[in-house]
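Asker: The structure's right below; bear with me while I get my questions together.
The values are calculated or read from the model by the stated rules, or taken from the named source; none is laboratory data. Owing to the predicted nature of the structure, the values given are computational and were not obtained by experimental measurement. No Cβ is skipped: glycine too gets one built from the backbone with ideal geometry, and neighbour counts run over all protein chains shown. Ligands, DNA and RNA are excluded from the accessible area calculation, which covers all protein heavy atoms including side chains. Shrake-Rupley method; radii C 1.70, N 1.55, O 1.52, S 1.80 Å.
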Amino acid sequence: MKPTLLIVEDEPAILRGLTDLFVFHGYEVDSEMDGEQGLKRAQQGDYACILLDVMLPSMNGFAVCEALRQSAPTQPIMMLTAKSTEQDIINGLSLGADDYVAKPFSTSELVLRVNALVRRSGWHQHDEELILSQDVCVNPQTLTGTSYQQSVKYTRREVSLLSYLLRQNKPVSRDELLHQVWGYKTVGDIDTRTVDIHIAKLRKKIEQDPKSPRHLVTHRGEGYQLYTQ
């Protein structure tokens, strides 16, 4: 049974190209060209991943992402955007997107990143709870947890990142994280801000003082290391 994607994109030429691309790579594809209709279709379907453009009629992609994340917290979401400023990236990730690709994008890179997201979308189903300390724990099955007596929601990417760092028990470079967690085969031309933004978001969720982290620590020149205490 082939995995099914939902592509919500209002430019007909791009939508046709993406549909053909992913059908060629073994996916079933549903599509919508309107934000509200895309949200309705997403909430009614069972999709391996949703590719969501930001600029959509009736309801923009950020609003769709936020609404969808509330109703389907574990749904993999890939944002497609013509905007690539750091604030736009932060907005999309903060609303629950698992990853983003800025237009114009490489089709091979897009397929690689969607494949990686789909492949990882089921890894957590049998994973045990991630316990960082008596104050911080994460449930990979529900993408939720507690941090210093506060309830916290995580994205699938954040849980994947925590899980990988926890298994390594050593500093991990940005390049290694892009390769192992994001699924890039080569990372020479990839913007490493993606990793830094995710790290900053995670620190706000798992650290009592994000400016002075004790769990998710930076080792200058080596990378990030996750400590349990």
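Asker: Could you grab me the full set of residues in the stretch 1-30 that are open to solvent by 20 Å² or more (accessible area, probe 1.4 Å), under 15 Å from LEU80 (Cβ atoms) and not in a strand (DSSP E or B)?
Answerer: ASP10, GLU11, PRO12, ALA13, ILE14, ARG16, GLY17, THR19, LEU21
Asker: VAL101 fails exactly one of the following numbered conditions: (1) touching a Lys or Arg at 6+ places or on another chain (Cβ under 8 Å); (2) in contact (Cβ under 8 Å) with a residue 24 or more places away in the chain. What is the number of that condition?
Answerer: Failed condition: (2).
Asker: Now a separate question. Could you tell me which of the residues LEU178, LEU162, LEU166 is closer than 21 Å to GLU86 by Cβ, modelled with pLDDT of 85 or more, assigned to a helix (DSSP H, G or I) and not aromatic (Phe, Trp, Tyr)? Break it down stepwise before answering.
Answerer: Details: LEU162 fails: closer than 21 Å to GLU86 by Cβ; LEU166 fails: closer than 21 Å to GLU86 by Cβ.
Every option except LEU178 fails the conditions.
Asker: Pairs under 7 Å by beta carbon, first residue closer than 12 Å to LEU162 by Cα in the stretch 215-229, partner of a type in the set (A, V, I, L, M) and assigned to a loop (DSSP other than H, G, I, E, B), six or more apart or different chains?
Answerer: From residues that are closer than 12 Å to LEU162 by Cα, the pairs are HIS215/LEU132; THR228/LEU132.
Asker: Note down all Cβ pairs under 8 Å where the first residue falls in the stretch 152-177 and is under 14 Å from THR142 (Cβ atoms), the second is basic (Lys, Arg) and modelled with pLDDT under 90, and they're at least six residues apart or on different chains.
Answerer: ARG156/ARG120
Asker: If you don't mind, there's one more thing I want to ask. Step by step: first the residues of the stretch 55-81, then only those that are in contact with a Lys or Arg (Cβ under 8 Å, 6 or more places away or on another chain) and at pLDDT 90 or above, then the one that is surrounded by the fewest Cβ atoms within 10 Å (Cβ to Cβ). Which residue is that?
Answerer: Step by step, filter the stretch 55-81, then rank; the result is MET78.
Asker: Here is a list of conditions, (1) crowded, with 20+ Cβ neighbours inside 10 Å; (2) over 26 Å from SER163 (Cβ atoms); (3) at pLDDT 85 or above, and ILE50 meets all of them except one; can you say which number that is?
Answerer: Only one criterion is unmet by ILE50, namely (2).
Asker: Looking at (1) without any contact (Cβ under 8 Å) to a residue 24 or more places away in the chain; (2) assigned to a strand (DSSP E or B), can you tell me which one MET78 breaks?
Answerer: That leaves (1) as the condition not met.
Asker: On the basis of being touching a Gly at 6+ places or on another chain (Cβ under 9 Å), surrounded by fewer than 20 Cβ atoms within 10 Å (Cβ to Cβ) and more than 20 Å from GLU158 (Cβ to Cβ), does MET33 make the cut? Spell out how you get there, then give the answer.
Answerer: On the way: touching a Gly at 6+ places or on another chain (Cβ under 9 Å): no; surrounded by fewer than 20 Cβ atoms within 10 Å (Cβ to Cβ): yes; more than 20 Å from GLU158 (Cβ to Cβ): yes.
Taking the combined requirement at face value, the residue does not satisfy it.
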